[in-house]
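Colleague: My questions will all concern the structure given below.
All of the numbers you see were taken from the coordinates with simple rules; none came from a lab. Just so you know, these numbers come straight off a predicted model, no measurement behind them. All Cβ positions, even for glycine, are placed from backbone atoms using ideal geometry, and neighbour counts span all protein chains on display.
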Amino acid sequence: MTPAANGTVIGDDGFARPVWAAVDPMLREYYDTEWGLPVRDEQGLYERISLEAFQAGLSWATILRKRPAFRAAFHDFQPDIVAAYTEDDVQRLLQDAGIVRNRLKIRAAITNAQATIALRSDGGLVDFVWQFKPDTTPEPTALDHIPTTSAESIALSKALRKRGFAFVGPTTMYALMEAIGMVDTHLLDSHRRGSSGIWPR
């Protein structure tokens with residue numbers, strides 16, 4: 001692996017990736033095949049919001065490594081099932097060493113499942129989130145040019161909070177927007193730039 005001037009790392013395959021995706025094979029696979037691709041189904045989007053919330057204060061590698069355990073613990077993030085969780089489920093999850101055992105984040109996942117269901121009468125979670133897609137996307141040439149919030153992520157955060165969601169701060173929502181392709185923050189010379197099909201290379 002070779003460091004590049006723009007802050008990326010050139011792998012043995014000749015492709016440049018951000019540092020966070022350059023070393024760990026799991027993160028490299030995630031970057032190459034999943035990160036930045038559109039998510040337009042309710043269950044998938046609710047899962048992403050939940051995992052981004054659990055990630056707050058932790059590394060994404062920690063969350064990704066635990067994702068299979070999260071899916072098992074939260075019934076594959078099916079909103080209807082999670083929304084009906086009781087205090088017994090909270091205690092069950094707090095004893096599950098496979099996930100992040102944070103009471104506030106666990107309760108937020110339940111709260112957000114209930115809020116997701118409530119949104120169905122008003123167009124649903126997918127349309128609600130995607131209405132905040134900006135008209136333009138960043139065009140970074142170096143990793144330190146990539147923003148961590150935007151006017152749209154701030155607006156999305158406020159709108160979700162008004163609808164009863166928790167752990168949806170502006171930075172967390174910008175990370176969500178990056179992860180689901182609402183913005184393309186791949187560097188202009190990245191092999192992944194434009195992979196969402198939403199934004200041109």
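Colleague: So if the hydrodynamic radius of the chain is defined as the Kirkwood radius over C-alpha pairs, what does Stokes-Einstein give as its diffusion coefficient at 4 °C and 1.567 mPa s, in µm² per second?
Modeller: So the translational diffusion coefficient is about 74 µm²/s.
Colleague: Hey, fewest Cβ within 10 Å first, where do LEU37, LEU160, LEU104 land in order?
Modeller: Lowest count first: LEU104, LEU37, LEU160.
Colleague: State which helices in the chain qualify, where a helix is a whole DSSP H run, it must extend 27 Å or more along its own axis by its Cα atoms, and its mean Kyte-Doolittle hydropathy must be at least -0.5.
Modeller: Sorted by number, there is nothing, because no helix extends far enough and scores high enough.
Colleague: Largest first and in whole Å, give the semi-axes of region 1-68's equivalent ellipsoid, each being the square root of 5 times a Cα gyration tensor eigenvalue.
Modeller: They are 25, 13, 10 Å, listed largest first.
Colleague: For a protection proxy built on the mean count of beta-carbon atoms within 10 angstrom, sort 62-69, 163-170 highest first, please.
Modeller: Highest to lowest by the protection proxy: 163-170, 62-69.
Colleague: Would you compute, for the Cα atoms of region 19-107, the largest minus smallest coordinate along each principal axis and list the three values in descending order, in whole Å?
Modeller: For region 19-107, the Cα extents along the three principal axes come out at 40, 28, 19 Å.
Colleague: Nothing charged except the Cβ atoms of Lys and Arg (+1) and of Asp and Glu (-1): what's the magnitude of the dipole of the chain about its Cα centre? Round to the nearest 20 debye.
Modeller: The dipole of the chain has a size of about 520 debye.
Colleague: I would also like to ask the following. Which values, in whole Å and largest first, are the semi-axes of the equivalent ellipsoid of region 106-198 obtained as the square root of 5 times each eigenvalue of the Cα gyration tensor?
Modeller: That gives 27, 14, 11 Å for the three semi-axes.
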